[in-house]
Structure formats: C-alpha cells, structure tokens
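The values are calculated or read from the model by the stated rules, or taken from the named source; none is laboratory data. These numbers come from a predicted model, not from an experiment. All Cβ positions, glycine included, derive from the backbone under ideal geometry; neighbour counts span all protein chains shown. The protein model used for the area step is the full one, side chains on, heavy atoms only, and it has no ligands, DNA or RNA in it. Shrake-Rupley method; radii C 1.70, N 1.55, O 1.52, S 1.80 Å.
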2 protein chains.
Amino acid sequence: MKSVFGSPGKPSGLLLRTCQCLSASASLVVMASASGFSSATSFCFLIAAMGLEVFWSFGLACLDIHALMLKKDLHNHIFLSLLVVGDWVTGILSLAAACSSAGVMVAFIKDTDICRSQTALSCNTFQISIAFAFVAWFFLAVSSYVMFWLLATI
Amino acid sequence: MKSVFGSPGKPSGLLLRTCQCLSASASLVVMASASGFSSATSFCFLIAAMGLEVFWSFGLACLDIHALMLKKDLHNHIFLSLLVVGDWVTGILSLAAACSSAGVMVAFIKDTDICRSQTALSCNTFQISIAFAFVAWFFLAVSSYVMFWLLATI
C-alpha cells in the first residue's frame, strides 16, 4: 500500500486536516465579525462554504487521530472513494466562494468605489477573510489530489 | 494501456476538446460583444481565462486529429504530465473567472441594483457568457480528471 504525504490515518494527513480546519475557521470568524458582510451574497456564501470545510476537515482530523491511536489502516477503496468525492465537492465550493468574494471585493474597491462611499463596510476585514479562504482551499486542494492519487493507485 | 472516455488521441478526447473550445469561444464572444463589460475587472478576467481555454483546447483538438489520422498513441508519461498540469491550471483559472464573474453579477443585480440603475450595462448578455464559461469549465474538469487518472494508472 502506497503512503504519500497527506494520506488518511497518518501524521501528515492529520497536519493537513488541521491546517484546513484552522484556516477555514479563521476565514469564517473574520468574515462573520466584519460589519456589513450581509450586504453581499458572495460573502454569505463564503461563510457557508467555510463552515462546510470546517465540519469536513474537523471530522476527518478526528478520524485521523482515532486511526493513529489505534494504528488502524484507512486505505480501503470505499473509504477513499468517499474522501475523494467529499474533498472535491468541498474544494470546488471553497474555491467558488473564495473567487466570487474576491470578484465582489475587486468590484467594491476598484470598479464602483462602494468601499470608499460606504464607510460602514469593513473592506479590509473582508480581504483578510478572503485571503484565509484561499489558504484553506489550497490545503484542501492538496488533500484532494492526494486522495485521488491514492484511489487511482490502490 | 488503459483507454477511458476522453483519452488523448481518441475520438472521445477530440469530442471533449471540441466542446471545451466551442463553449469557451461562445463565452468569450458573448462577453466581448456585451456593452460595458470593461466596467468590471472580473469580466475582463473572464475574457482572458476563456481566451486561454480556447487556445489550449484548440491546440489539443488539433493534436487529437493528428494522432487519429496517423493512428499515433499519445499515452506516454511526459506528455500526460504536461496535459495534467495544463488542464489543471486552465481549469482552475476558468473556474475562478466564472465564479468571480458570477459573484459580481449577483452583486450587480441583487445587492446593489447597479443593473437597474445603469441601463448601459447589458446584464442579460453577461449572464449568458457566464453560463457558457461554467459549461466550458465543466468539460475541462472532465478532461482534467481523465488525464490525472491516466497519469496515476499508467
């Protein structure tokens, strides 16, 4: 059985899930604490997508801890298929949310000057949250490729 | 050598590349012909990303035709690695462009009423172009998975 960086049930897999969970939580908390986030639908979508990523990654991190403690092998076909589907769905949703929020942010700052005219919007906080969302997506993308590779070579 | 749907140098691969090329061209032409597309940075990004996808898919469609005519086998490791990297980079850029444009579109229609107040913007045309961009991304995503699967199982 191949074991690459980020495999489920390995310390590197746990590290990757923890990074995903932490960066998605940071994005969610920063966005939810920014005033006026509900003014754009994309920002609400970002909160929902990051919430999904936090649940998914936290659940899998717990499973990794369980497997590490009991020295269980998680490399079976059905479990890997489930991880591939879940990782890809969550990954695509995270990227979609991060990109749509980034698009809206550029439109607010550069194309329409809404950020300058409506001072109630905390545009700097939105940008920090979007940056965290891209980081969370990057870690999830690494996991997704690893799972797909493991499933193809199992 | 495995041959799955969409393999390079096969009729299904050519079909997939043609669909990508046609839908990306449609998205590009519709967006470029819409009045006021330059008012949003995301729409310009969509044009650039669709342009890249048209070039990439057209080039690979020509290669598929060449391989079909000369009955060449394109399943070698270096060529597949190149296709995987190219497909994934183009795919992620296409999805990013489509999602950021969709985010801006929702912001223009629902969150800010810009579409209603600025009648010079052809918002319906923007939406058609974004829909084509998602279709183009879908076909490219299928190709990307097929190439990654072939590379992993080669």
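Could you please find all residues in the stretch B:46-66 being within 14 Å of chain A (Cβ to nearest Cβ) and either open to solvent by less than 30 Å² (accessible area, probe 1.4 Å) or touching a Lys or Arg at 6+ places or on another chain (Cβ under 8 Å) (or both)?
Answer for the stretch B:46-66, where residues must be within 14 Å of chain A (Cβ to nearest Cβ) and either open to solvent by less than 30 Å² (accessible area, probe 1.4 Å) or touching a Lys or Arg at 6+ places or on another chain (Cβ under 8 Å) (or both): B:L46, B:A49.
Residue check: is A:F134 open to solvent by 80 Å² or more (accessible area, probe 1.4 Å), within 12 Å of chain B (Cβ to nearest Cβ) and over 21 Å from B:F108 (Cβ atoms)?
Against the criterion (open to solvent by 80 Å² or more (accessible area, probe 1.4 Å), within 12 Å of chain B (Cβ to nearest Cβ) and over 21 Å from B:F108 (Cβ atoms)), A:F134 does not qualify.
Residues B:G91, B:G103: which one is of a type in the set (G, A, S) and either more than 14 Å from every other protein chain (Cβ to nearest Cβ) or over 22 Å from A:Y145 (Cβ atoms) (or both)?
Numbers: B:G91 fails: either more than 14 Å from every other protein chain (Cβ to nearest Cβ) or over 22 Å from A:Y145 (Cβ atoms) (or both).
Going through B:G91, B:G103 in turn, just one is of a type in the set (G, A, S) and either more than 14 Å from every other protein chain (Cβ to nearest Cβ) or over 22 Å from A:Y145 (Cβ atoms) (or both): B:G103.
Any residue at all in the stretch A:110-119 that's open to solvent by 50 Å² or more (accessible area, probe 1.4 Å), out of contact with any strand residue (DSSP E or B) (no Cβ under 8 Å at 6 or more places or on another chain), of a type outside the set (A, V, I, L, M) and on the phi > 0 side of the Ramachandran plot?
Taking the stretch A:110-119 and keeping what is open to solvent by 50 Å² or more (accessible area, probe 1.4 Å), we get A:110, A:113, A:116-119.
Now narrow it down to the ones that are out of contact with any strand residue (DSSP E or B) (no Cβ under 8 Å at 6 or more places or on another chain): A:110, A:113, A:116-119.
Going one step further and asking which of them are of a type outside the set (A, V, I, L, M), we end up with A:110, A:113, A:116-119.
From what is left, the residues that are on the phi > 0 side of the Ramachandran plot are A:113.
Yes, the stretch A:110-119 has at least one match.
For the stretch B:19-40, name all the residues that are surrounded by fewer than 20 Cβ atoms within 10 Å (Cβ to Cβ), in a helix (DSSP H, G or I) and either touching a residue at least 24 places away in the same chain (Cβ under 8 Å) or within 14 Å of chain A (Cβ to nearest Cβ) (or both).
Listed by number, the residues that qualify are B:C19, B:S25, B:A26, B:S33, B:S38, B:S39.
Take the conditions aromatic (F, W, Y) and either under 13 Å from the mean Cα position of the chain (by Cα) or open to solvent by 10 Å² or more (accessible area, probe 1.4 Å) (or both) and apply them to B:F43. Does it pass?
no
For A:L150, state whether it is in a helix (DSSP H, G or I), within 14 Å of chain B (Cβ to nearest Cβ), modelled with pLDDT under 95 and touching a Pro at 6+ places or on another chain (Cβ under 9 Å).
Taking the combined requirement at face value, the residue satisfies it.
I'd like to verify a number: residues in the stretch B:67-101 that are touching a Ser or Thr at 6+ places or on another chain (Cβ under 6 Å) and either of a type in the set (A, V, I, L, M, F, W, C) or open to solvent by 40 Å² or more (accessible area, probe 1.4 Å) (or both), how many?
Residues flagged as touching a Ser or Thr at 6+ places or on another chain (Cβ under 6 Å) and either of a type in the set (A, V, I, L, M, F, W, C) or open to solvent by 40 Å² or more (accessible area, probe 1.4 Å) (or both) within the stretch B:67-101 amount to 2.
Consider A:L140 carefully, then state whether it is away from chain B (no Cβ under 14 Å), assigned to a helix (DSSP H, G or I) and either closer than 17 Å to A:S7 by Cβ or not charged (D, E, K, R) (or both).
Spelling it out, it is not the case that A:L140 is away from chain B (no Cβ under 14 Å), assigned to a helix (DSSP H, G or I) and either closer than 17 Å to A:S7 by Cβ or not charged (D, E, K, R) (or both).
Any idea how many residues of the stretch B:106-126 are free of Cβ contacts under 8 Å to residues at least 24 places away in the same chain, part of a helix (DSSP H, G or I), within 14 Å of chain A (Cβ to nearest Cβ) and not acidic (D, E)?
8
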